[in-house]
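Reading through the structure tokens given below for one structure.
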Amino acid sequence: MTDTILIVDDEPDLLEGLKRSISIELDCEVLTTGNASQALQTLQLQPVDVVLTDIRMPGMDGFSLLKAIKELDPSITVIIMTGYGTIEKAVEAIKAGAYDFIPKPFEEERLIHLLKNGLELNRLVRENSRLLEKLSEKTPFENMVGRSRPMIKAFNAIQMLAMTDVTVLIRGETGTGKDLAARAIHHSSKRSSMPMVTVNCPALPESILESELFGYRKGAFTNASEDRQGLFDQAHGSSIFLDEIGDLSLPMQTKLLRVLQDKTIMPLGTNTSHKVDVRIIAVTNQDLEKKMAAHQFREDLYYRLDVATLNMPPLRDIREDIPLLVEHFLEKVARENKTAAKKVSPEVMNFLMQKEWPGNTRELENTIRGWSAMTLEPTITPNHVPITQPKNTLDSIAMDFDQPYKNLKEKVIEDFTTDYLYRLLKHTHGNVSLAAQISGIKRQSLQKIIKRYGVQADQYRN
């Protein structure tokens, strides 16, 4: 693919001379425009690798053009041409993202060298972006976001479990990302070359679950007109994901136990069994200990499943990850809709941080999706969404006597600190030094507290 250079200058003679000399020295296509507006139109119509632009032009100047180019395509290399007295402006342009500048009148050898380096930089940036995009498509943790201690612990556990072939039981409340963890384990394992087979246990009627799991032979029952391979056979050499295994009936638990014990299955309509090479990853949001006490879940099956357990934390335990999750979901929605990613105002983020999330991360994602769909502006503010002030912290925990005093005290301190940081940084417009003076906390200590509670000071800067 031929490299393309676009030259932008309001002097026609200069444009023609540059085009001629560059075309001779470099094997590339050279385009020219007389002003910044035409340059932007050209950039929207065809790919360009390097833009060489004057800084002083009528209408939109080179500095404004640079900003527009970086918004349009950050990978484009921009080189600024400067006249006498505009060096300071050129330095400012470099700080804003320009690759380099060259003063007029310039030496042709210096210009060609600069353009060669600019083209090489563009190739490297685009290749790096391509590799990162390719890598992101394959990463097992593509949709898992978090920097909190519980999430880092979960990520480390997933990586360790992926190195083995043991049965895994993933536990957690609804909406905590148990299915994402299961996929991450499989895609990080030696079985990742084959697709993981998913079984939604509650969704399959009891009458057909056995035949779906183990398959059947022709004539095994009415309408069994041909042999059918079961899901365990389909997962041979791969992993099988048993979603919400706590909802299985006792008879199906018994049949599943045989598979776990012997790694053999017996299709309906036959008296012979055969081995399957399958890794089992089971998931549940049920209290299995309580179900065992009520004789609703087999203890022997539980111990077969509980070889290695991964607990996914609820959102209330990883509140510091909420800003990261919100940004992730906003970008995800933008990619799906092919639009620019929206932002949320500090007031809305404060509400999200304080809100209770019984549906956990899934509820948060659905909330963000709904708000994005109902907001036309680039930033979601309290004017766009129905947010309410959180209850007084003491009122919200007053009746929660199931928790010990120490836990309640820590929650009060955590809620107060988070709310205080948001109000303080809003008051100082994100100025941490001023916030430190007002709070009486040393700046370094305040930065550590801000980081610990996942507050982003730059959201409040004007």
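The values are calculated or read from the model by the stated rules, or taken from the named source; none is laboratory data. Note that this is a predicted model, so its numbers are computed, not measured. Backbone-built Cβ (ideal geometry, glycine too); neighbour counts: all protein chains shown.
A single entry from L260, L305 fulfils the requirement of being in contact (Cβ under 8 Å) with a residue 60 or more places away in the chain, in contact with a strand residue (DSSP E or B) (Cβ under 9 Å, 6 or more places away or on another chain) and crowded, with 21+ Cβ neighbours inside 10 Å: L305. So is S21 under 19 Å from L119 (Cβ atoms) and polar (S, T, N, Q) or not? Answer is yes for this residue. Among the conditions (1) in contact (Cβ under 8 Å) with a residue 12 or more places away in the chain; (2) more than 37 Å from the chain's Cα centre (by Cα), I76 misses just one, which is (2). Screening region 225-343 for strands (runs of 3 or more DSSP E) wholly inside it with 1 or more residues that are touching a Ser or Thr at 6+ places or on another chain (Cβ under 7 Å) and charged (D, E, K, R) returns the ranges 239-243, 279-284. Of the residues that make up region 441-457, is at least one exposed (fewer than 12 other Cβ atoms within 10 Å of the Cβ), over 25 Å from the mean Cα position of the chain (by Cα) and modelled with pLDDT under 80? The answer is no, given that none of the residues of region 441-457 is exposed (fewer than 12 other Cβ atoms within 10 Å of the Cβ), over 25 Å from the mean Cα position of the chain (by Cα) and modelled with pLDDT under 80. State whether the residues of region 3-19 include one that is aliphatic (A, V, I, L, M) and over 21 Å from M60 (Cβ atoms). There is no residue in region 3-19 that is aliphatic (A, V, I, L, M) and over 21 Å from M60 (Cβ atoms).
Of the residues making up region 49-90, those that are among the β-branched types (V, I, T) and out of contact with any Phe, Trp or Tyr (no Cβ under 7 Å at 6 or more places or on another chain) are V50, V51, T53, I69, I76, T86, I87. Listed here are the helices (runs of 4 or more DSSP H) enclosed by region 11-119 that have at least 3 residues being farther than 28 Å from A341 by Cβ and not assigned by TED's automatic domain parsing to the domain that holds A340: 12-25, 87-95.
Checking each residue in region 347-376 for being assigned to a helix (DSSP H, G or I), surrounded by fewer than 18 Cβ atoms within 10 Å (Cβ to Cβ) and either at pLDDT below 90 or among the charged types (D, E, K, R) (or both) picks out E347, R362, E363, R369, A373, M374.
Selection of first residues in region 225-248 that are free of Cβ contacts under 8 Å to residues at least 40 places away in the same chain and assigned by TED's automatic domain parsing to the domain that holds G175 and of second residues that are part of a helix (DSSP H, G or I) and among the aliphatic types (A, V, I, L, M), restricted to Cβ pairs under 9 Å at least 6 apart or on distinct chains, gives the following pairs, ordered by first then second residue: G230/L213; L231/L213.
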